[in-house]
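First the structure, in the form of structure tokens, and then the observations on it.
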């Protein structure tokens, strides 16, 4: 069964947490909190670094929802 991200519902993120993944010290657990509960993923150091850069780059190009003071 093949699917694309567009085939899945978009769930608003309510939060996240990073945790040590005891079975394998070369990966970290990432729990994304959603309205449907947490979704857990594991990622390597390289993936975390890439995600951090991609998230920062994308955030810098987005307008803020917060009113400017």
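Find the residue count for region 55-69, including only residues that are surrounded by 10 or more Cβ atoms within 10 Å (Cβ to Cβ) and either in contact (Cβ under 8 Å) with a residue 12 or more places away in the chain or over 15 Å from the mean Cα position of the chain (by Cα) (or both). Residues in region 55-69 being surrounded by 10 or more Cβ atoms within 10 Å (Cβ to Cβ) and either in contact (Cβ under 8 Å) with a residue 12 or more places away in the chain or over 15 Å from the mean Cα position of the chain (by Cα) (or both): 0 in total. Restricting to region 1-54, name every residue that is surrounded by 11 or more Cβ atoms within 10 Å (Cβ to Cβ) and assigned to a loop (DSSP other than H, G, I, E, B). Matches in region 1-54: 11, 21, 24.
The numbers here are math on the coordinates, done by the rules we state, and not lab data. Everything numeric in this text was worked out from a predicted model, so none of it was measured. For neighbour counting, all protein chains shown are included, and Cβ atoms are generated from backbone atoms with ideal geometry for every residue, glycine included.
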